[in-house]
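Below is one structure, written out as structure tokens, with a few remarks after it.
The values are calculated or read from the model by the stated rules, or taken from the named source; none is laboratory data. As the structure is a computational prediction, the values presented were derived from the model and not from experiment. Counting neighbours? That spans all protein chains shown, and the Cβs are built from the backbone with ideal geometry, glycine included. Quick note on the areas: whole protein, heavy atoms, side chains included, nothing else; ligands and nucleic acids left out. Shrake-Rupley method; radii C 1.70, N 1.55, O 1.52, S 1.80 Å.
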Amino acid sequence: MADSGPAGGAALAAPAPGPGGGGPGPRVYFQSPPGAAGEGPGGADDDGPVRRQGKVTVKYDRKELRKRLNLEEWILEQLTRLYDCQEEEIPELEIDVDELLDMESDDTRAARVKELLVDCYKPTEAFISGLLDKIRGMQKLSTPQKK
């Protein structure tokens, strides 16, 4: 799913890490296509490509994304304990939170997670109940749709 490069001449500048993280967020710089006249009095005679600053619009709520990230980190931590191994050695399994949120009841969610953990030799009940507690009240993250 990863792009091999920026699309349409856009480059994402990562925000500088800092306490609180309450900054304006990432910025996108759009580069003028080769041969295009530059903006401003310098025109095309400037040394480097002309950059215009643009803003990124985010479809998802940052708070929900943070909750989801925290949940994923918790799941990884719990799975390393359950399987008694390093993160890289965890058996290939995918706990799809959106799939669980689509299910009608906690019983069907618990059954699905238990099915995914079928080859785990340690008791999984505490993990499953903890997972169900953590996803309760979460919103499903849908894939952004192109218009």
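Exactly one condition in (1) open to solvent by less than 60 Å² (accessible area, probe 1.4 Å); (2) over 19 Å from the mean Cα position of the chain (by Cα); (3) at pLDDT 95 or above is false for Cys120; which is it?
Only one criterion in (1) open to solvent by less than 60 Å² (accessible area, probe 1.4 Å); (2) over 19 Å from the mean Cα position of the chain (by Cα); (3) at pLDDT 95 or above is unmet by Cys120, namely (3).
If I ask for residues that are in contact with a Leu (Cβ under 7 Å, 6 or more places away or on another chain), β-branched (Val, Ile, Thr) and modelled with pLDDT of 95 or more, which ones from the stretch 87-117 would you list?
Result: Val113, single match.
Sort out which residues of the stretch 80-104 are open to solvent by less than 40 Å² (accessible area, probe 1.4 Å) and free of Cβ contacts under 8 Å to residues at least 24 places away in the same chain, and write them in order of number.
Matches in the stretch 80-104: Thr80, Cys85, Ile90.
With respect to Leu141, is the statement that it is outside any loop (DSSP other than H, G, I, E, B) and touching a helix residue (DSSP H, G or I) at 6+ places or on another chain (Cβ under 9 Å) true? Give the derivation first.
Working: outside any loop (DSSP other than H, G, I, E, B): no; touching a helix residue (DSSP H, G or I) at 6+ places or on another chain (Cβ under 9 Å): yes.
For Leu141, the condition - outside any loop (DSSP other than H, G, I, E, B) and touching a helix residue (DSSP H, G or I) at 6+ places or on another chain (Cβ under 9 Å) - is not met.
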